[in-house]
Every structure is written in C-alpha cells, then in structure tokens.
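Worksheet for the structure shown next.
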Amino acid sequence: MEYRRLGKSGLQLSVLSFGSWVTFHGQVDDSLSDRLMGIAYDNGVNFFDNAEIYALGESEKMMGRVLKKKNWDRTSYTVSSKAYFGWRGTDNKPNQTGLSRKHLVEACHEALQRLQVDYLDLYFCHRPDRHTPVEEVVWTMNILIQQGKILYWGTSEWTAAEIMEAHMVARQYNLIGPVMEQPEYNLFRREKMEMEYLPVFRTVGLGTTIFSPLASGLLTGKYNKGIPEGSRLGLEGYEWLKNRNLLEGNVQKVIKLQEVADRLNTSLATLSVAWCIKNPNVTTAILGATKEAQLTENLKALEVYTSLTDDIMKEIDGIMQTAPRTPTH
C-alpha cells in the first residue's frame, strides 16, 4: 500500500480507502461487510469512510459492529463521519440538519455512538450551509478538536471560494481550518479537482478523499449493454444516478476505454481507479465494492497507476474528451 499525507497535515492515509455509501446501503449484511473491511485492512487500507445519512445511520452502526468485533488497534486506522443531511430522512425536524453548532455537535456525538469509537479521525461538513455563518462552523469544528472528539475537519462538495472563506476565518481567529475536501472525481467529473481547487492546493494545501472513482459503476463496463438486474443503477431510489450517468455517449466512451484496459492486462474498473490516484492531488480514492472479487480487483489499481505513462494518459483524454478546458482569455 502507498500512503499519502492529507494535504499539509501530518496524517497519512492509504491511497485506496474503503467507504460505505452504497456498500452498506441495504445491499450488504454484517458478515460480508466484515469480510470486505478485513480484506481492505489486510491490504493496508487505513481509512474507512462513513456519514450520518448513509442508510440513515445504519451504515455507521454496521461499521461500528464490525470495528468492535475486529478489535483492531484503534491507532492503526482512521474513520470518518459527515454531518449535514441528518439521519431521520423525511422525519428531520429543524436543527436536525445543516451545519449549526447544535447539529454539528449532536451529529458528532451520534456518530461516535453508532461507530462505537471515542473520537472521529476525520469529520466532514457534508455540504455547504448557506444559512449558517462560516464563523459558526469553523468555531464549532475547532471546539470539537479541542475536546478530542475529532482530529481533523473538512468539507464535501464545497466550492473553492467557500473553502478559502473558511480558511480566512480560521486565520482571523487563530483557529484550525479545513484540512480536506471530499469531492466526486472520476473520468467523467474532473472540473473541481483539475481546475477549481488548484489555487487551494497551491495556497493552503488541501487533502482530498475522492468518492465515486467508478462513476457509480459506469466505469466498470457493466452497463455497456443495459442495466443488469440487482446493480446499483437498477435499485429503487437511484434513478437520479441513472439519468445523469447513463448517457449513450458516455457508454460509447467506456467501450473504447475497455481497449486500453485490455492492452494493459487489467480491468476497466482497475484502470479507472488507477487513473484517479495518478493525480497527485488525490490523497485517497474511496472504494465502494459490494463483492470480495470487486474489492480485490480494485486494489490492483496500485500496480496499474505506476504504468500509466504520459502517452497512455493522453490517449485516455482523447477517448473521454472530458478534460476541463483552461480559459483562453
């Protein structure tokens, strides 16, 4: 396993990590999640990603049960949670969502209980909250750090301007600013990581725990001939993913990309993950496998990414046509 520093912090994360957005979203039981997390850990994965909203809190409970049973040395792994959406779904009342001090503190306590840990290594503001002053957010996160309940805090799907504003507030009051961002990053969605965040990488340093490296499964090739039964895009409630990702043109690109994977003697999924971690601004790519074979295969991205030459990267760009264009004026 390779380990990268989380932005300018001293924390080292495995370049491949394991998350449970869909993995534990009613598709998986305890015994399988136990095996999947075990495979990940045995292969050097030291970051396990979660959030209050995943399966409405059930995902964190399941991960907590597995961590309790595994009894790994708590100092050998890092675990995260995210707050914003709440976990009660349509039953959320005022103050049970958002980034108010009340919700951030209470969501942190709830995550600690569900995950059965004494502290969170990483705690994310899962979305920006336009109704809460950024000063309140930064102060709250700083207090949670001082209390030893979280070690690092960050953002997810924030704009570069919002991240920089948080840093300005932190500097003004001598507080700790956000260390990491969790954006979507894959061969179809590149704008934030390759353009928008560049000034943030340069100025304050920003770790990234990128999610959806396989574009919700589209980059595995399994949708090249339609939606197979039981796959994520076929599940009820995931129609929004299907509509956004399953565009005919995208499938054609994936079919061409398969030829590059074949030439490199690897799977399309492994190539797509390898492409993500080739970007040095990616601290870790979160894998969300639901089968042991998928996870084992995706972990091979470590070997593949070092063989992605400039020529191969250019060829991939030519096939995908998704590289952000730099403004000419």
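The values are calculated or read from the model by the stated rules, or taken from the named source; none is laboratory data. Owing to the predicted nature of the structure, the values given are computational and were not obtained by experimental measurement. All Cβ positions, glycine included, derive from the backbone under ideal geometry; neighbour counts span all protein chains shown. Just the protein is used for accessible areas: all its heavy atoms, side chains included, with ligands, DNA and RNA removed. Shrake-Rupley method; radii C 1.70, N 1.55, O 1.52, S 1.80 Å.
With all protein chains in place and ligands, DNA and RNA left out, the 1.4 Å accessible area ranks 168, 63, 195 as 168, 195, 63, largest first. Computed from Cα positions, the angle between helix 30-42 and the longest principal axis of the chain comes to roughly 80 degrees.
Seen against the Cα atoms of the chain and their longest principal axis, helix 310-320 is set at about 90 degrees.
Working note: Cα atoms of the chain, range along each principal axis, descending, whole Å: 54, 52, 37.
With Cα atoms defining each centre, the range 276-329 and the range 82-124 are spaced 32 Å apart in the structure.
Among the trypsin sites (Lys or Arg not before Pro) in the range 295-325, those located in a DSSP loop and surrounded by at most 11 other Cβ atoms within 10 Å of their own Cβ are 325.
The 1.4 Å probe gives accessible areas that order 259, 184, 196, 60, largest first, as 259, 196, 184, 60.
Cross-link partners for residue 300 among the lysines, with Cα-Cα distance under 16 Å and sequence neighbours closer than 8 places in the same chain left out: 278, 291. State log₁₀ I(q)/I(0) for the range 1-135 at q = 0.15, 0.17 Å⁻¹ as given by the Debye formula over alpha-carbon point scatterers of equal weight, solvent excluded. The Cα Debye sum returns log10 ratios of -0.73, -0.92.
The phi torsions of the range 279-291, fed into the Karplus equation with coefficients 6.51, -1.76 and 1.60 and a -60° offset, translate into couplings of 6, x, 7, 8, 6, 8, 9, 7, 8, x, 5, 10, 10 Hz, rounded to whole numbers, with Gly and Pro shown as x.
For the set 70, 61, 256, solvent exposure ranked by accessible area (probe 1.4 Å, protein chains only) runs largest to smallest as 256, 61, 70. With contacts taken as Cα pairs under 8 Å and at least 6 residues apart, the chain reaches a relative contact order of 18 percent. Taking amide H positions as placed 1.01 Å from N in the peptide plane, with prolines and chain starts having none, which residues 5 or more places from residue 181, or on another chain, fall under 5 Å of its amide H? Hits under the 5 Å cutoff: 155, 207, 208, 209. The calculated 222 nm mean residue ellipticity attributable to helices in the chain amounts to -12000 deg cm²/dmol, summing -39500 (n - 2.57) over DSSP H runs of n ≥ 4 and dividing by all residues.
Among beta bridges from DSSP that stay inside the chain, the antiparallel ones total about 15%. Which of 210, 115, 141 sits closest to the plus end of the dipole of the chain, meaning its Cα is farthest towards the positive end, when Lys and Arg get +1 and Asp and Glu get -1 on the C-beta? Positive-end residue among those listed: 141.
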